[in-house]
1. Does region 345-352 contain any residue that is in contact with a helix residue (DSSP H, G or I) (Cβ under 8 Å, 6 or more places away or on another chain), closer than 19 Å to residue 191 by Cβ and crowded, with 20+ Cβ neighbours inside 10 Å?
2. Does residue 45 satisfy the criteria of being within 22 Å of residue 239 (Cα to Cα) and crowded, with 17+ Cβ neighbours inside 10 Å?
3. Can you tell me how many residues in region 274-322 are part of a strand (DSSP E or B) and crowded, with 20+ Cβ neighbours inside 10 Å?
4. Quick check, is residue 184 farther than 17 Å from residue 54 by Cα, surrounded by 14 or more Cβ atoms within 10 Å (Cβ to Cβ) and either within 20 Å of the chain's Cα centre (by Cα) or not assigned by TED's automatic domain parsing to the domain that holds residue 339 (or both)?
5. Only one of 304, 339, 335 is under 25 Å from residue 250 (Cβ atoms), within 17 Å of the chain's Cα centre (by Cα) and modelled with pLDDT of 95 or more. Can you tell me which?
6. Determine which member of the set 146, 151, 133 is buried (at least 19 other Cβ atoms within 10 Å of the Cβ) and at pLDDT 95 or above.
7. Just to check your reading of the model, which residue among 248, 242, 224 is over 30 Å from residue 90 (Cβ atoms) and in contact (Cβ under 8 Å) with a residue 40 or more places away in the chain?
């Protein structure tokens, strides 16, 4: 007989991923006397962004676990069980381990892989990128056992999985419906650069192509493409995005929008005592304010800092509103980063833009042994000169250059602000101050704007 608990929590957080963890830790710092409980259904929690690198770079799911001690050492109670329903009137949650009453409730329920209607998708050795340890252990054990792998979806997860698995000498094919891989985040010139890198690594890339059918008796054997080609396949990875987990909230009468749980700038739902953070919430575009779906651990942790700080009183006011998509990745020996809008997206929004572009090296002089080419593109609104987005490729410093662009976006920098800003440089660490890439790209745009 299982004994069910009856418990009270000042703060009950449903979900133990990054947003749930950071909400709990932030609440503990800001409200040290409150009882904080995290409820999660998983026995163990993985580092989500590193999942694509479990084939060869990390090698084992057990090396990619977030320790429970990050919570328990900070006086946060961890319960392992699943929330079944929320009673908002009486302020309690029914769970598989008992009833938990709350003062403030935070939903950090995350997202689940999208399923697509393809014949044969239920065959053995067809996998999705789930965040469940036993499932991932089986997935990456299978990766090591097979030879021919087809990846459906050329977004970040599909591309990153492919670049890691190919190191094991597997035959990898990416099938992408759009004209380019990662097209939702980069303009064509950067997409084509990424595709060239993938091909250099021995990865087959099929764009403008859909998977019509997964073929096999019990296990997957082949994949039929819309161009009529059949690919040998011992394994299929489906990486076509995520859908927010909103059923618990919807059943409790929490407002759900087109892209997730509806929240304000402070993570508050239509119930003043119920908050939501992370991949389950609906995002708002930083330009138009319209809803969009952007699922990033970095955004989730931002949500968590905002909510965890302001649960009981307004301690941290937000000056920056809206959501700014900021991504970086590594393809072979080249890093790629993007922040804000692409030129394609700006045109779809009917925003007239001017781009500034520059090509340089990351060291000075360029003869230094680790010198590598850096390519940068910045986008500015033609009328206001406001920065709208940026894309970069080069060495690993690209990730921090991308974050710099992200900061400039959130601070509402103009082309002139970037052109005149001060930076620190060093021969062994950065480009020359004479040709600093962010500043030179702004200068290029400024000359176009002044013409």
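1. No: zero hits.
2. On the way: within 22 Å of residue 239 (Cα to Cα): yes; crowded, with 17+ Cβ neighbours inside 10 Å: yes.
Yes, satisfied.
3. First pass over region 274-322, keeping only residues part of a strand (DSSP E or B): 274-276, 281, 283-285, 291-292.
Next, only the ones that are crowded, with 20+ Cβ neighbours inside 10 Å stay: 274-276, 281, 283-284.
Total meeting the criteria: 6.
4. Values: farther than 17 Å from residue 54 by Cα: yes; surrounded by 14 or more Cβ atoms within 10 Å (Cβ to Cβ): yes; either within 20 Å of the chain's Cα centre (by Cα) or not assigned by TED's automatic domain parsing to the domain that holds residue 339 (or both): yes.
Criteria met by residue 184.
5. Details: 339 fails: under 25 Å from residue 250 (Cβ atoms); 335 fails: under 25 Å from residue 250 (Cβ atoms).
304 is the lone residue from the list that is under 25 Å from residue 250 (Cβ atoms), within 17 Å of the chain's Cα centre (by Cα) and modelled with pLDDT of 95 or more.
6. Going through 146, 151, 133 in turn, just one is buried (at least 19 other Cβ atoms within 10 Å of the Cβ) and at pLDDT 95 or above: 151.
7. Values: 248 fails: over 30 Å from residue 90 (Cβ atoms); 224 fails: in contact (Cβ under 8 Å) with a residue 40 or more places away in the chain.
Being over 30 Å from residue 90 (Cβ atoms) and in contact (Cβ under 8 Å) with a residue 40 or more places away in the chain holds for just one of 248, 242, 224, which is 242.
For (1) more than 21 Å from residue 138 (Cβ to Cβ); (2) surrounded by fewer than 17 Cβ atoms within 10 Å (Cβ to Cβ); (3) out of contact with any helix residue (DSSP H, G or I) (no Cβ under 9 Å at 6 or more places or on another chain), each residue gets a yes or a no:
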| position | (1), (2), (3) |
| --- | --- |
| 54 | no, no, no |
| 72 | yes, yes, yes |
| 75 | yes, yes, no |
| 85 | yes, yes, no |
| 98 | yes, yes, yes |
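The values are calculated or read from the model by the stated rules, or taken from the named source; none is laboratory data. Remember, it's a predicted structure, so these values are computed and weren't measured experimentally. Cβ sites come from the backbone with ideal geometry, for glycine too, and all protein chains shown count toward neighbours.
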